[in-house]
Amino acid sequence: MSTIVTSDGVSIFYKDWGPKDGQPIMFHHGWPLSADDWDNQMLFFLGKGFRVIAHDRRGHGRSDQTDTGNDMDTYAADVAALVRELDLKNVVHIGHSTGGGEVIRYVARSEPNRVAKAVLIGAVTPIMLATDRYPGGLPMSVFDGFRDALSRNRAQFFLDVPRGPFYGFNRDGAEVSEGLIRNWWRQGMSGGAKAHYDCVAAFSETDFTDDLKAVSVPVLVLHGEDDQVVPIDASAREAIKLLSNGILKTYPRLSHGLFATHPDIINADLLAFIEQRERA
């Protein structure tokens with residue numbers, strides 16, 4: 001397996017496919033998943049001649065099951081370490097859900113010439129938790145419920161989430177994919193319970209307002225209008241107001257896991273954004 005070791009001794013697993021001189025695209029997965037969640041997109045963009053990279057966040061997938069450092073600052077530092085190790089330049093960073101927060105935190109602090117563009121898909125930005133600044137967010141009781149369910153029976157919880165709100169399979173008439181459900185469970189159970197528990201606070205309580213304001217590269221914000229996990233009004237529709245160079249695209253009836261349920265639609269929009277030249 002390809003891994004790097006961070007400054008605090010954590011082994012981070014990553015995939016790096018395609019021509020080393022190709023335009024790099026780096027994918028950042030959601031909670032509690034792994035780089036495998038991007039298989040469709042990585043194969044699609046590999047077939048278009050891109051260099052595609054994805055890592056398992058610390059505590060997730062094949063990376064070390066850490067009991068410390070499970071916070072957004074450390075996640076972003078791990079990304080920076082991998083980017084430096086591979087000497088990636090002009091990267092397009094694509095993040096889903098928690099990975100969207102990781103992307104914007106990293107991009108806001110990135111070294112010159114490292115980042116070309118960013119994409120936030122169903123992202124947790126600017127903050128999921130209801131606060132005085134963002135009263136439309138979710139109450140703490142929602143996230144306490146996540147932690148309680150994870151502590152009591154993580155295996156069952158990791159079946160209930162993909163069978164229900166994550167992919168919108170709880171909606172009338174939904175076309176349920178048992179494969180997606182099982183793959184979600186497989187990825188989740190390969191990670192560490194402590195890291196997953198800590199990450200709930202990281203994805204729900206981190207305020208990305210300043211990060212969004214600090215980013216000047218083009219940012220595409222994609223969000224399903226029927227997202228039951230990260231409701232669109234408190235996330236994408238707030239985040240776009242804070243971006244100086246952002247584009248918002250929403251999808252009626254699509255869920256939180258829209259890039260997995262409708263890859264043809266999302267891949268086409270990603271490709272168009274990546275290939276779009278900036279106006280002079």
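The values are calculated or read from the model by the stated rules, or taken from the named source; none is laboratory data. These numbers come from a predicted model, not from an experiment. All Cβ positions, even for glycine, are placed from backbone atoms using ideal geometry, and neighbour counts span all protein chains on display.
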- line: the stretch 1-50: strands (runs of 3 or more DSSP E) wholly inside it with 3 or more residues that are free of Cβ contacts under 8 Å to residues at least 60 places away in the same chain and not acidic (D, E) are 11-17
- request: Kindly establish whether I247 is among the β-branched types (V, I, T), surrounded by fewer than 19 Cβ atoms within 10 Å (Cβ to Cβ) and not in a strand (DSSP E or B).
  value: no
message: Quick check on this structure: which one of A239, A195 is part of a helix (DSSP H, G or I) and more than 26 Å from L159 (Cβ to Cβ)?
response: A239
field: Selected residue [in a loop (DSSP other than H, G, I, E, B) and either acidic (D, E) or within 23 Å of Y106 (Cβ to Cβ) (or both)] from D226, D233
entry: D226
- prompt: What about G69, is it part of a loop (DSSP other than H, G, I, E, B) and either surrounded by fewer than 20 Cβ atoms within 10 Å (Cβ to Cβ) or acidic (D, E) (or both)?
  reply: yes
message: I'd like the full set of residues that are of a type in the set (S, T, Y) and over 25 Å from Y197 (Cα atoms), limited to the stretch 31-71.
response: none
query: Mind checking which residues of the stretch 57-90 are β-branched (V, I, T) and closer than 15 Å to Y14 by Cα?
result: V79, V83
message: Which pairs turn up if I take residues in the stretch 226-237 that are touching a residue at least 40 places away in the same chain (Cβ under 8 Å) and look for partners that are surrounded by fewer than 20 Cβ atoms within 10 Å (Cβ to Cβ) and not aliphatic (A, V, I, L, M) with beta carbon separation below 6 Å, at least 6 apart in sequence or on another chain?
response: D226/R253; Q228/P165; V229/P165; D233/G136; A234/G136
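Yes/no matrix, rows are residues, columns are (1) hydroxyl-bearing (S, T, Y); (2) in contact with a helix residue (DSSP H, G or I) (Cβ under 6 Å, 6 or more places away or on another chain); (3) touching a residue at least 60 places away in the same chain (Cβ under 8 Å); (4) in a helix (DSSP H, G or I):
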| position | (1), (2), (3), (4) |
| --- | --- |
| D78 | no, no, yes, yes |
| A81 | no, no, yes, yes |
| I104 | no, yes, yes, yes |
| S151 | yes, no, no, yes |
message: Is it the case, given these coordinates, that V83 is within 30 Å of Y167 (Cβ to Cβ) and either at pLDDT 95 or above or out of contact with any Leu (no Cβ under 7 Å at 6 or more places or on another chain) (or both)?
response: no
- line: Counting only residues that are more than 13 Å from the chain's Cα centre (by Cα), buried (at least 23 other Cβ atoms within 10 Å of the Cβ) and β-branched (V, I, T), the stretch 93-139 contains a total of 3
